[in-house]
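Visitor: Encoded as structure tokens, here's the structure I'll be asking about.
The values are calculated or read from the model by the stated rules, or taken from the named source; none is laboratory data. Every value quoted in this text rests on a predicted model; they were computed, and no experiment measured them. Heads up, the Cβs are rebuilt from the backbone with ideal geometry, glycines too, and the neighbour counts pull from every protein chain shown. Surface accessibility is based on the protein's heavy atoms, side chains included, excluding ligands, DNA and RNA. Shrake-Rupley method; radii C 1.70, N 1.55, O 1.52, S 1.80 Å.
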Amino acid sequence: MSHSGLSLRLDQITRRAQELRALLETAQGSQVAALSRELSNLDPIVEKIAAWRAAETAQAEAQAMLTDPEMRELAEAELAETAARLPVLEREIRLALLPKDEADARSAILEIRPAAGGDEAGLFAAELFRAYQKYAETQRWRWTLLDYEENELGGVKNASAEVEGTNVFARLKFESGVHRVQRVPATESQGRIHTSTITVAVMAEAEEVDVQINESDLRIDTYRAQGAGGQHVNKTDSAVRITHIPTGTVVAMQEERSQHKNRAKAMKVLRARIYEAQRARLDATRSAERKGQVGTGDRSERIRTYNFPQGRVTDHRIGLTLHKIERVMLGEMDEIIEALMAEDEAARLAAAEG
């Protein structure tokens, strides 16, 4: 979008915000909620537009003052300040105008499973799961364990959690994919470095209104919970397996002692998986938009390597390498996550303007 085209679009937004404020003065009933919602979505960008316009005015006034010898120094300082601020404000506005992923603001379901590498993959899956839990704590998100099935060595066969908070999905969605670990396993007597992989899936949490599931489309099986070394073993059929027949999606849950609680958790995950599949189908039809994204979100895409002997973490999608693997495994993931978000923003801006 050219500078003049952008200016015209911003004028339209500002006028619409003024119209909404006027309409709200006489609105009644359900109209009030709809108009307020639209205005609340526009208000943040209207504020940025006002700041951009003010900076442009200040720049023009400073330019005019350059001819006055007494005001020249002040004018030059003002011009330097506005020259730095205007590009930042313009970029923020262009970003705000990009189509929103409506799922970004949502909570998320995070799932981890070992892939290749046997016991070592299970051990690393458990460590990375804990790293995400620590990251959630730094963000003050609520972390609720959904399922955690251990193997005999203390690794996991699969683990899942509900992560609740604002913009959880926006910050975690680029974690979906294959994570590779290179290190000497505790079980390795010869000191050889092994390579193992695990898969991470991050799905936006879905509400009942997002995904309509008919009870008649579900097959629900109950069974006795199992676990390593007798953990979670129950004398009642508390574990639940739900199959969504139309899509073939299967979710099993056994963490809780109560069949009712396991069923509620399983339905939450089932709904998220179906919602994710719907979003993936929609994304597949938006080929141009997909090109502007960081990675595909596909669980089969190798996205990151954790090399313990070299103390480094490398994200292959953006070529970022950090030599502080211990800090990352303690949940200090902001540097990686924010770099991924910035790269995605830059790619989407380039796609929109190209």
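Visitor: Between ARG16 and GLU76, with labels modelled 7 Å along Cα→Cβ, what's the label distance in nm to one decimal, could you check?
Guide: 4.4 nm
Visitor: Now, a different point. If you rank ARG302, ARG317 by how much accessible surface each has, with a 1.4 Å probe, what is the order from largest down?
Guide: Output order, biggest surface exposure first: ARG302, ARG317.
Visitor: Counting Lys and Arg as +1 and Asp and Glu as -1, what is the net charge of the other residues whose Cβ lies under 12 Å from the Cβ of ALA126?
Guide: So the surrounding residues net to -2.
Visitor: Tell me which label goes with the value of volume of the Cα convex hull per residue in Å³ computed from the coordinates here: (1) 186; (2) 155; (3) 125.
Guide: Evaluating volume of the Cα convex hull per residue in Å³ on these atoms matches (1).
Visitor: Another question about this same structure. Mind checking the angle between helix 3-24 and the chain's longest principal axis? C-alpha axes, 0 to 90 degrees, to the nearest 10.
Guide: Taking Cα atoms only, the helix is inclined about 80 degrees.
Visitor: While we're looking at this one, here's another question. Stretched out fully, how many nm does the piece from ALA350 to ARG37 gain, at 0.36 nm a residue minus the Cα gap?
Guide: 109.8 nm
Visitor: Stokes-Einstein D for segment 58-124 at 20 °C, 1.002 mPa s, Kirkwood Rh over Cα pairs, in µm²/s?
Guide: Reported coefficient: 125 µm²/s.
Visitor: Could you look at the chain and say what percent of its accessible area is carbon and sulfur, using a 1.4 Å probe and all protein chains?
Guide: Percent of accessible area from carbon and sulfur atoms in the chain: 49.
Visitor: For the chain, take the longest principal axis of its alpha carbons; what is the angle in degrees between that and the long axis of helix 30-65, to the nearest 10 within 0 to 90?
Guide: With both axes taken from Cα atoms, the answer is about 50 degrees.
Visitor: I'd like the accessible area for LYS268: 1.4 Å probe, protein heavy atoms, all chains in place, Å² to the nearest 10.
Guide: 70 Å²
Visitor: Over the heavy atoms of THR138, what accessible area does a 1.4 Å probe trace out, to the nearest 10 Å²?
Guide: Per-residue accessible area (THR138): approximately 90 Å².
Visitor: Please work out the average accessible area per residue across the chain, using the 1.4 Å probe convention, and give it in Å².
Guide: Per-residue accessible area for the chain comes out at 53 Å².
Visitor: What trypsin sites (Lys or Arg not before Pro) in segment 63-100 are in a loop by DSSP, with at most 13 other Cβ atoms within 10 Å of the Cβ?
Guide: LYS100
Visitor: Starting from the residue with the highest accessible area, list MET203, MET329 in decreasing order, probe 1.4 Å.
Guide: If we order MET203, MET329 from most to least accessible, we get MET329, MET203.
Visitor: Between ASP104 and GLN310, 0.36 nm times their residue separation minus their Cα-Cα distance comes to what?
Guide: 70.7 nm
Visitor: Please compute the length gained on full extension between SER30 and ALA96, using 0.36 nm multiplied by the number of residues separating them and subtracting their Cα-Cα distance.
Guide: Once the chain is fully extended between SER30 and ALA96, it gains 21.0 nm.
Visitor: Over 24 Å between C-alpha atoms is what I'm after, so list which of LYS100/LYS265; LYS134/LYS173; LYS134/LYS157; LYS100/LYS261; LYS157/LYS265 land there.
Guide: LYS100/LYS265; LYS100/LYS261
Visitor: If you don't mind, another one. Against the longest principal axis of the chain, how steep is helix 334-353, in degrees 0 to 90 to the nearest 10, with axes from Cα atoms?
Guide: Roughly 50 degrees, rounded to the nearest 10.
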